[in-house]
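Asks: If you scroll down you'll find the structure; I have some questions about it.
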Amino acid sequence: MKTAGVIIVFLFGGLLVYGTLDFPDWGDPDAPASRHVSPRYIEKSLEETSVPNMVTAVLADFRGFDTLFETVVIFSAGLSCFFLLRTKRKAPEARFYRHLPTGIVLRIEKGGRLPEGSVEFERIDSIWVPHDLIIRATCRLLIPFIQLFALYVIAHGHHSPGGGFQGGVIFGAAFILYAVTHDLRDGLHRLGEKITIVLCSLGVFIYAGVGALCLFLESNFLDYAALAPVLGVDPVTARSHGILFVEIGVGIAVMAVMFAIYTNLSSVGKQDEGL
Amino acid sequence: MIWQFDLIILSLVVICAVAAISVKDLLGAAILFGAYSFMMCLLWAVMGAVDVAFTEASVGAGVSTVLFVAAVFRTTRRTTD
């Protein structure tokens, strides 16, 4: 069986490599893509959308439908993780509490628990006990800057590499870093499960809503030039602003989905004890 | 483009890919996959696709490695396959 698998893999790999021989060379000026498609975008994208970064202009304006459904794919990935993994939270076998001044760990059997807001005791996980002051302090210092960088990546996507997807992932990674260095309950305290789900949907809603708004203003779906009278700018600047709106929507959705997948995955859907 | 640089990165991509599927330790496989993503990111950057490189670095090398580690944390570390 294993040999058959290896043979099939090499056969199809060989076919794929053979197929790429028909491709035009890398950077070939006579390739169909560089003859008709690329010059159009290279020459007109700055003039039509006033966005210097062509990739962003193509991604969010000329090929806006693609990006809309990419966002929907990410949204459904988060949703399916939720439906597959999320289970009802049962009371754990035992809860563990660390007495902060002495470092003694208490084990309290099923049902029992210490008061939530206790200053002297801290609830800890039963399988993995993160308690490193240096890591915690360093990450507390780092996280605001990571989040600021994520916002910069989203807002500056017009001029430099970046945009909603990358910025959203970095923003979500900042929350994941918080949840890893503290514990999952602290992370969920910052960004709760309900808020995460609302934010997932809100991101997709912003994107589709901007598209639908263009439809109401007597234009095509996702034709941001129609937003010009609402924003009070000329159509070219309106397209640039429209790209920013949908990038913000993408960023919110991606950020929330990344954190939702992480919390469900690391806590086996119980949203209580995890990595 | 410097072909020596390209050759080193490309061979590291292949080594990481083969190692990631052949190693028995799942945590090691997750880390190797992260290294693979990072090498791919360098390759995109060399070819001038900076946006793709950025996405690969943040999604491939960053968050997906964390998600793999979170999944390995909830299963056994060694695979029998």
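Asks: Among B:27, B:52, B:63, pick out the residue whose Cα is farthest towards the positive end of the charge dipole of chain B, where Lys and Arg carry +1 and Asp and Glu carry -1 on C-beta, about the Cα centre.
Replies: B:27
Asks: Shifting gears a bit: Please work out how much length the chain gains when fully extended from residue A:230 to residue A:113, using 0.36 nm per residue of separation minus the C-alpha to C-alpha distance, in nm with one decimal.
Replies: That pair, residue A:230 and residue A:113, stretches by 36.5 nm at full extension.
Asks: Springs between alpha-carbon pairs under 10 angstrom, Gaussian network model over chain A: which of A:73, A:257, A:37 fluctuates most?
Replies: A:37
Asks: With +1 on the Cβ of every Lys and Arg and -1 on the Cβ of every Asp and Glu, and nothing else charged, how large is the dipole of chain A about its Cα centre, in debye rounded to the nearest 20?
Replies: Dipole size: approximately 1360 debye.
Asks: For chain A, calculate the relative contact order in percent as a whole number, restricting contacts to Cα pairs under 8 Å that are 6 or more residues apart.
Replies: For chain A, the relative contact order is 24 percent.
Asks: Next question. Over chain A, with a Gaussian network built from C-alpha contacts below 10 Å, which listed residue (A:238, A:31, A:60) shows the highest mean-square fluctuation?
Replies: Among A:238, A:31, A:60, the largest GNM mean-square fluctuation belongs to A:31.
Asks: Normalised by the residues of segment A:46-203, what does the relative contact order come to in percent, with Cα pairs under 8 Å and at least six apart?
Replies: Once divided by the residue count of segment A:46-203, the mean separation gives 19 percent.
Asks: What number, rounded to the nearest 500 deg cm²/dmol, is the helix-based mean residue ellipticity at 222 nm of chain A, given -39500 (n - 2.57) per DSSP H run of at least four residues and division by all its residues?
Replies: Here the helix-only value at 222 nm equals -20000 deg cm²/dmol.
Asks: If you take every DSSP beta bridge fully contained in the protein assembly as shown, what fraction is antiparallel? Give it as a percent rounded to 5.
Replies: Approximately 100 percent, going by the DSSP bridge assignments.
Asks: By the gyration tensor of its Cα atoms, with a ≥ b ≥ c the square roots of the eigenvalues, what is the shape of segment B:1-76: rounded for a/c under 1.5, prolate for a/b over b/c, or oblate?
Replies: Because a/c hits 1.5 or more and a/b fails to exceed b/c, segment B:1-76 counts as oblate.
Asks: Pairs of Cα atoms under 8 Å, at least six residues apart: use those to get the relative contact order of segment B:24-76, whole percent.
Replies: Worked out over segment B:24-76, it gives 42 percent.
Asks: Still on this structure, I have one more. In degrees, nearest 10, range 0 to 90: what is the angle between the Cα axis of helix A:64-85 and the longest Cα principal axis of chain A?
Replies: Value to nearest ten degrees: 20.
Asks: Next question, about the same structure. Taking the Cα centre as origin and putting +1 on Lys and Arg beta-carbons and -1 on Asp and Glu beta-carbons, what dipole magnitude results for segment A:194-275, to the nearest 20 debye?
Replies: Around 160 debye, computed over segment A:194-275.
Asks: Projecting each Cα onto the charge dipole of chain A (Lys/Arg +1, Asp/Glu -1 at the beta carbon, about the Cα centre), which of A:200, A:221, A:23 comes out farthest on the positive side?
Replies: A:200
Asks: A further question follows. For a quick check, take a GNM of chain A with Cα springs below 10 Å and name the residue from A:134, A:195, A:176 with the largest mean-square fluctuation.
Replies: Between A:134, A:195, A:176, it is A:134 that shows the largest mean-square fluctuation.
Asks: Students sometimes get this wrong: rank B:7, A:184 by accessible area, probe 1.4 Å, all chains present, largest first.
Replies: B:7, A:184
Asks: How large is the accessible surface of residue A:44 in square angstrom, using a 1.4 angstrom probe and rounding to the nearest 10?
Replies: Rounded to the nearest 10, the figure is 70 Å².
Asks: For a test of understanding, tell me how many lysine pairs in the protein assembly as shown have Cα atoms under 24 Å apart, given they are 8 or more places apart or on different chains.
Replies: 9
Asks: Hey, could you pull the Cα Rg and Dmax for the protein assembly as shown, both in Å?
Replies: Expressed in Å, the Cα Rg and Dmax of the protein assembly as shown come to 24.0, 74.
The values are calculated or read from the model by the stated rules, or taken from the named source; none is laboratory data. Predicted model only: the values in this text are computed from it and were never measured. Cβ sites come from the backbone with ideal geometry, for glycine too, and all protein chains shown count toward neighbours. Note: areas computed on protein heavy atoms with side chains; ligands, DNA, RNA excluded. Shrake-Rupley method; radii C 1.70, N 1.55, O 1.52, S 1.80 Å.
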